[in-house]
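Before any comments, here is the structure.
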Amino acid sequence: MAGEFKGRRIRVPRKPEIRPTADRVREALFSILAGAVERARVLDLFSGTGALGLEALSRGAAEVVFVEADPVVASALDETLIDLRVCDRCRLVRAEAVSALESRILAGQFDLILADPPYGRGLAQRILETLARGRWLRDGGTLVVERPAGEPTFNDPAGGLGFQKSARYGDTRLDFYQGAGCA
């Protein structure tokens, strides 16, 4: 991580389905986001180890809401949040991401939404549709979806999300969307 937590370790449970965002992809992502992170309200969907949300906190985000369904992974993330002493700036929601959005257990809109759904389950499109319907992203806010490079890009998710660009890093692609008319 860079910023406030530079050099700090995060807990990574030994589970085969855990796929933390590669360091170089995370660095590139936050380089692209630059000033959009500072003082932002961030939603980290499919949080896993929390690497993306923690990077946002480390770079000055005001608040991060982590959403993770796996109980073992969520417990490890909770321990990391306690170790880093950031519980006053974040919240961990133990729920499946789409269900958390559809049930409205999350409140308000976000300046930045980071979504890294498990690969190969069709969740990228589902989360885009759910986010667009729910108007979770502020007008002018940024949504980033991490997916396998070989999957198609959803250029027109509708409902207040406009596709901006894609960036490819080896086998990983980051798709960027902007909130439009979500005020």
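Please treat every number below as a calculation from the coordinates, not as lab data. Nothing here was measured: the structure is a model prediction, and the numbers come from that model. Glycine gets a Cβ as well: all are built from the backbone with ideal geometry, and neighbour counts include every protein chain shown.
³J(HN,Hα) across region 51-65 via Karplus (A = 6.51, B = -1.76, C = 1.60, θ = phi - 60°), whole Hz, x for Gly/Pro?
Per-residue couplings from phi come out as 4, 5, x, 5, 4, 4, 4, 4, 9, x, 4, 6, 7, 10, 9 Hz.
Determine, for each peptide in 64-73, 78-87, the mean count of other beta carbons within 10 angstrom over its residues, then list the peptides with the highest first.
Taking the mean over residues of other Cβ atoms within 10 Å, the ranking is 64-73, 78-87.
For Arg133 and Tyr119, calculate 0.36 nm times their separation in residues minus their Cα-Cα distance, and state this gained length in nm to one decimal.
Extra length available between Arg133 and Tyr119 comes to 2.8 nm.
How long is the gain from Arg94 to Ile32 if the chain were fully straight, where each residue apart is worth 0.36 nm and the alpha carbon distance is subtracted?
Full extension of this stretch gives 19.4 nm more.
List the residues whose amide H sits under 5 Å from the amide H of Phe46, counting only those 5 or more places along or on another chain, with H placed 1.01 Å from N in the peptide plane.
So Phe46 has HN proximity to Val67, Ala97.
Would you mind putting 47-54, 103-110 in packing order, based on average other-beta-carbon counts within 10 Å, highest first?
Peptide ranking by packing, descending: 47-54, 103-110.
At what distance in nm do the modelled label points of Ile105 and Ala69 sit from each other, each positioned 7 Å from its Cα along Cα→Cβ?
According to this spin-label approximation, the distance is 1.2 nm.
When ranked by the protection proxy of mean other Cβ atoms within 10 Å per residue, highest first, what sequence do the peptides 162-171, 29-38 form?
In descending order of packing, they fall as 29-38, 162-171.
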